[in-house]
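The values are calculated or read from the model by the stated rules, or taken from the named source; none is laboratory data. As the structure is a computational prediction, the values presented were derived from the model and not from experiment. No Cβ is skipped: glycine too gets one built from the backbone with ideal geometry, and neighbour counts run over all protein chains shown.
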Amino acid sequence: MRLTVLLLLLWLPVSAHAQPLQEVTLPDGRYYLFARPDGDAAVPLIVALHGGGGNPAQFDRVSYIAQSAVAAGFAVALPAGTGGRAGKLKTWNAGYCCAAAQRERVDDIAFLDAVIADAQEHGASGPVFLTGMSNGAMMAQTYAARRANRVAGVASVSGTMDAGHLRVGGPVPLLHIHGTADPMVPFGGGPGDSSLTQTDFSPVEAVLADFRAPFGAMEMGHKSWTADGYDFLRTAWSKGGHEEVVLIAIEGGDHEWPGGRRAEDQALDASDTVIAFFKAQMR
């Protein structure tokens, strides 16, 4: 495999105590960006998946996920989907979406297997977590459903997997963040008024139910708050006193990564929320 360091801004360290983001090219020609804290100790890994039409560098600029992850003691891998012009506008095959990756039946499950295995060779040999935005959220959920025994937790934003045809293969903790007014992947399911595909997206509740099922009977609790004009409802399902499935619904929220660059919702920092959820699973 070939390991190269990205030029320009990607040369800058994501943290004062981190390696620079590096581009790792796998034998099949596909690539991912990688960074980890300094030192030789084994660290947990976050695999962060860009949205449809995005790419790893773009997702990192929008979400600040690499800086946040490494500062919290995680390694981070940002894989690239397929398709698009000039290496951009890439998508994931999450079963029922999206674009060329789905039409061409790209095996993104196998690709993520390879990314994780390769990242582990670079010192990310602790627990594996996945997160993603939109089509990347669908892919993160789909991978967790099919590789439940390999995933310590998944956190998704503004995207729902094909719950009608998938079942989660074992207990995997899930955090899901979704705006109730999302016009692209509707909270209640369906194609969405602004969707670029004709996908009949699964409702959020169907995905939550799918991830709750392997845990059996659970206790449910609610917390609500208002900040910067947004109303938030946090619902958590717990097992043995530990939160396993969590939904943060943003009343009137759009299709975005809250707290990210150019996001309307700056009251919730999705990256910090995701990382806090992953840290809570390391018990």
*When both residues are 6+ apart or on different chains and their Cβ atoms are under 7 Å apart, which pairs have a first residue that lies in the range 109-131 and is touching a residue at least 40 places away in the same chain (Cβ under 8 Å), and a second that is in a helix (DSSP H, G or I) and of a type in the set (Phe, Trp, Tyr)?*
Leu112/Tyr143; Phe129/Phe278; Leu130/Tyr143
*Being surrounded by fewer than 14 Cβ atoms within 10 Å (Cβ to Cβ), modelled with pLDDT of 95 or more and over 25 Å from Arg146 (Cα atoms), is that true of even one residue in the range 193-209?*
no
*Specify which of the listed residues (Trp237, Trp257) is among the aromatic types (Phe, Trp, Tyr) and within 26 Å of Gln67 (Cα to Cα).*
Trp257
*Subset of the range 225-260 [of a type in the set (Ser, Thr, Tyr) and under 18 Å from the mean Cα position of the chain (by Cα)]*: none
*Name every residue in the range 190-204 that is farther than 10 Å from Tyr96 by Cβ and of a type outside the set (S, T, N, Q), in order of residue number.*
Gly190, Pro191, Gly192, Asp193, Leu196, Pro203, Val204
*For the range 261-272, does any single residue satisfy the condition of being under 21 Å from the mean Cα position of the chain (by Cα), hydroxyl-bearing (Ser, Thr, Tyr), surrounded by 19 or more Cβ atoms within 10 Å (Cβ to Cβ) and more than 25 Å from Tyr96 (Cβ to Cβ)?*
yes
*Specify the residue that is surrounded by the most Cβ atoms within 10 Å (Cβ to Cβ); the eligible residues are those in the range 179-192 that are out of contact with any strand residue (DSSP E or B) (no Cβ under 6 Å at 6 or more places or on another chain) and in contact (Cβ under 8 Å) with a residue 60 or more places away in the chain.*
Asp182
*Does the range 225-268 hold any residues that are of a type in the set (Val, Ile, Thr) and in contact with a Phe, Trp or Tyr (Cβ under 8 Å, 6 or more places away or on another chain), and which are they?*
Thr226, Val245, Val246, Ile248, Ile250
_Whichever residue in the range 108-132 is within 18 Å of the chain's Cα centre (by Cα) and of a type in the set (D, E, K, R) and, among such residues, is nearest to Phe74 (Cα to Cα)_ = Asp113
*So Thr4 fits all but one of (1) modelled with pLDDT of 95 or more; (2) assigned to a strand (DSSP E or B); (3) of a type outside the set (D, E, K, R); what number is the exception?*
(1)
